[in-house]
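Rule-based calculations on the coordinates, nothing more; no lab input. From a predicted model like this one, the values you see are computed outputs, not experimental measurements. Using ideal geometry, Cβ is built from the backbone for each residue, glycine included, and neighbour counts are taken over all protein chains shown.
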Amino acid sequence: MVFPRVLGIECVGELAPSTDPRLAEGSIVASVMGEIVRASSCDPLSRAPEVAGGTSADHSHTRGHLVYAAQGVLSVHTEGGTSIVPANRVALIPAGCPHHHRAHGHTDMRIVFLPPSPAQLAPARPAVFLASALAREVLLALTGPRDRDRAANARLRRVLVDELREAGEQPLQLPEPRDDRLRAVARILYEQPADNTPLAGLGRRTGASARTLSRLFRRELGMSFYQWRTQVRVYHALVLLAEGHDTTHVAHACGWSNPSSFIAAFAAVVGTTPRRYRADTR
């Protein structure tokens with residue numbers, strides 16, 4: 001998926017086996033916009049502090065892992081769609097799933113690799129979970145500077161998995177359209193999320209009737225056009241909030257006629273108001 005102006009996707013950097021003798025054998029080194037991120041095959045923990053605007057190359061891992069933004073917003077991109085991961089969510093990337101991620105704003109990215117058993121907390125597809133206060137603290141502890149033995153880390157991971165399993169999946173996964181007619185509509189709204197053209201008007205611009213497009217949205221994406229458009233707008237809003245824009249600016253930039261309507265839609269998807277969200281992620 002490409003969000004030319006909404007998410008500004010641009011793949012840079014690479015993941016490659018380490019040749020640095022200072023790192024453990026089998027380590028992976030990723031260059032993300034100048035930041036060096038280490039994820040050792042021996043230590044299932046990683047942290048990328050203060051990555052600002054970084055984008056990883058498309059890659060996959062032999063183990064499932066959790067991606068968390070302690071600050072800022074991350075977007076995780078897979079063949080099946082895009083997840084926006086604000087500071088109150090955790091993304092699960094299954095083993096072997098090609099993906100890349102981008103940091104929006106001043107972002108502190110944390111990664112926790114999971115052994116096979118805890119990785120079974122969700123189906124073998126990308127998913128997003130609500131991060132409870134306990135889950136956040138465990139994620140920060142696992143990726144913090146304190147050294148723990150493997151047994152202690154294993155206990156913390158079990159607590160984390162239990163918390164995420166209890167929370168369940170959250171609706172922050174935006175599926176990628178496959179039909180060419182839906183893709184044409186999606187490109188319009190990725191570039192201009194404030195576009196309020198009704199489905200019939202978009203159909204005339206893309207060569208399909210409103211009825212056909214409505215049926216395709218339901219069949220392919222499992223939601224109505226208006227539900228999908230709201231998701232796109234909320235994702236764009238999260239990015240703009242991470243960049244420091246105020247609520248009124250974000251509301252109009254994302255297509256809402258007034259801040260009150262935006263706040264209600266944002267809270268319905270994210271679970272909190274834009275103001276509280278910004279306060280919690282600073």
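Couplings 3J(HN,Hα) of the stretch 249-260, computed from phi: 4, 5, 4, 6, 5, 9, x, 8, 6, 8, x, 4 Hz, in residue order, whole Hz [Karplus 6.51 cos²θ - 1.76 cosθ + 1.60, θ = phi - 60°; x for Gly and Pro].
Working ranking of peptides 230-236, 200-206 by packing, defined as the average number of other Cβ atoms within 10 Å per residue, highest first, is 230-236, 200-206. Phi angles across the stretch 106-111 convert, under the Karplus curve 6.51 cos²θ - 1.76 cosθ + 1.60 with θ = phi - 60°, into 3J(HN,Hα) values of 7, 10, 10, 8, 10, 10 Hz, Gly and Pro given as x.
Is the C-alpha gyration tensor of the stretch 164-282 telling us rounded, prolate or oblate? Criteria: a/c under 1.5 is rounded; beyond that, a/b larger than b/c is prolate, otherwise oblate. Oblate.
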